[in-house]
Amino acid sequence: MNYIQIDFFNLIMVVGAVQGVTFTLITLLSKIGREKTIIYLSMTVLYLSMNNLQYWFTLTELTAPIKYYKHLLLPWYFLIVPSFYQFVRGYLGLDKRLPSLNKPTYFIFGFGIIIRLLLIIYIHFISGNTSNLEVLVTYNLLEETVSLFYSIFIFSYCIYVINYNKQWFKDLLSNEDLKWIKQFFKFGSVVLVFWVLAVLQHYTFKYFEPPESYYPVRLGTSFLIYWIGYRGLFKYRIHKNRIVIHQILHGQAQENTHSHTSGKVGVFQRFENLVLQQKKYLDSDIGLETIADELEVSPSHLSSVINKFCGMNLTNYLNELRVEHAKMLLSNKEFDHYTILGIGMESGFNSKSTFYSAFKKHTSMPPSAYRKMLESRKKDK
């Protein structure tokens, strides 16, 4: 029964790690992968994946032909939380306010590798006494403990920034943009607790590291690979589009918004002018063919242009604009007497079901709950 359990956990760990590496390669080779924030997101997934793969290799006989492999372990765990911290800096737009941890993190990572190499050289080539391997076991435990405390410190700092310094980024993010990050930190806290328990058990059995004690950690990190990768990338793209849309709708386009639109020529520039400036998205009957006729281009060509520059199809793009408009109306006192359906119709939706579906997709809550949230905030003030 124990062997089945081990195979089950190993399968989840390996599949998750391989998918994480694949996700990283595909993302970095894509257009959005050139952005610094996405690079840090991808590297977080990669470090999680490499850490799990390395752990799996040490439990198998695949590394037996490689003489010193089980001792030559790279401390990937030093890089995971700091890399996600760098992503959060970019996601929140706090690159200039929060310090970068790249230099200290990579210094510690490199220093750990050098110390390990020196120990391996001393034990295997200078002393020739393999009984000194106990020194490596002790070093493994010390290195992991330092990494654990370093990760907890950075993790706690991220939580502190998000919960107690909202004034730094309140104009950039809505509650929907933060919700998934807060969910990540809740689940990440559970994984950290499992890691602490595993390390404590490792101290109890100093010269014998029970693989079972690390199963909850590995299973948790395998889930985080999916969560951070796909959820983070999806939310970042929506968040980035939302900022631009929000600025345009409120007539507050900053310099980065101008650079975002000024480089778009031809069809897309005329498309933006038609949809955004003339607010055609408020027309519930507007569609691909209607816009294509007005721009005097073929529907297929317009569709490809929209997908290229917006990263989504026309329907999703229009619905995102409409949802932002609906949120603006819901927060306006002059529209307090409007019904939810009335707000949806004013925003360009042609049915209640379409409005509710689109609103929940982009905000993770129905419009009625969003209105209640706004009302409760007003009462708190």
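The values are calculated or read from the model by the stated rules, or taken from the named source; none is laboratory data. Nothing here was measured: the structure is a model prediction, and the numbers come from that model. Here the Cβ positions follow ideal geometry from the backbone for every residue, glycine too, while neighbour counts run over all protein chains shown. Protein only, heavy atoms only, side chains kept; ligands, DNA and RNA dropped before computing areas. Shrake-Rupley method; radii C 1.70, N 1.55, O 1.52, S 1.80 Å.
The residue of segment 170-179 that is modelled with the lowest pLDDT, among those that are assigned to a helix (DSSP H, G or I) and surrounded by fewer than 17 Cβ atoms within 10 Å (Cβ to Cβ), is 175.
Quick grid of which residues meet (1) open to solvent by less than 10 Å² (accessible area, probe 1.4 Å); (2) touching a His at 6+ places or on another chain (Cβ under 7 Å); (3) without any contact (Cβ under 8 Å) to a residue 40 or more places away in the chain:
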| residue | (1), (2), (3) |
| --- | --- |
| 16 | yes, no, no |
| 23 | no, no, no |
| 34 | no, no, yes |
| 39 | no, no, yes |
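Just so you know, in segment 341-381 the residues that are β-branched (Val, Ile, Thr) and buried (at least 18 other Cβ atoms within 10 Å of the Cβ) include one that is nearest to the chain's Cα centre (by Cα), and it is 363.
Of the residues 80, 123, 152, which is at pLDDT below 85 and either open to solvent by less than 30 Å² (accessible area, probe 1.4 Å) or under 26 Å from residue 214 (Cβ atoms) (or both)? Walk me through it before giving the result.
Details: 80 fails: at pLDDT below 85; 152 fails: at pLDDT below 85.
Result: 123 is the single residue among 80, 123, 152 that is at pLDDT below 85 and either open to solvent by less than 30 Å² (accessible area, probe 1.4 Å) or under 26 Å from residue 214 (Cβ atoms) (or both).
Within segment 64-93, residues that are within 23 Å of residue 151 (Cβ to Cβ) and in a loop (DSSP other than H, G, I, E, B) sit with their Cβ atoms under 9 Å from residues that are among the aromatic types (Phe, Trp, Tyr) and at pLDDT 85 or above, at 6+ positions apart or across chains, in these pairs: 74/109; 75/109; 76/47; 76/109.
Residues in segment 107-142 that are in contact with a helix residue (DSSP H, G or I) (Cβ under 6 Å, 6 or more places away or on another chain) and under 30 Å from residue 97 (Cα atoms): 3 in all.
Going by the conditions given, is residue 276 part of a helix (DSSP H, G or I), of a type in the set (A, V, I, L, M), open to solvent by less than 50 Å² (accessible area, probe 1.4 Å) and touching a residue at least 24 places away in the same chain (Cβ under 8 Å)? Answer is yes for this residue.
Among residues of segment 355-371 that are touching a residue at least 12 places away in the same chain (Cβ under 8 Å), those with a beta-carbon under 6 Å from a residue that is buried (at least 19 other Cβ atoms within 10 Å of the Cβ) and not in a helix (DSSP H, G or I) at least six positions away or on a different chain give the pairs 355/349. Filter segment 42-69 for residues that are modelled with pLDDT under 60 and aliphatic (A, V, I, L, M); which is farthest from residue 136 (Cα to Cα)? Of everything passing the filter in segment 42-69, 62 is farthest from residue 136 (Cα to Cα). Quick check on this structure: which one of 333, 327 is within 33 Å of the chain's Cα centre (by Cα), farther than 26 Å from residue 33 by Cβ and of a type in the set (Lys, Arg)? Matching residue, one of 333, 327: 327. Is at least one residue of segment 287-294 open to solvent by 30 Å² or more (accessible area, probe 1.4 Å), among the small types (Gly, Ala, Ser) and either on the phi < 0 side of the Ramachandran plot or modelled with pLDDT of 85 or more (or both)? Looking for residues that are open to solvent by 30 Å² or more (accessible area, probe 1.4 Å), among the small types (Gly, Ala, Ser) and either on the phi < 0 side of the Ramachandran plot or modelled with pLDDT of 85 or more (or both), one finds none in segment 287-294, hence no.
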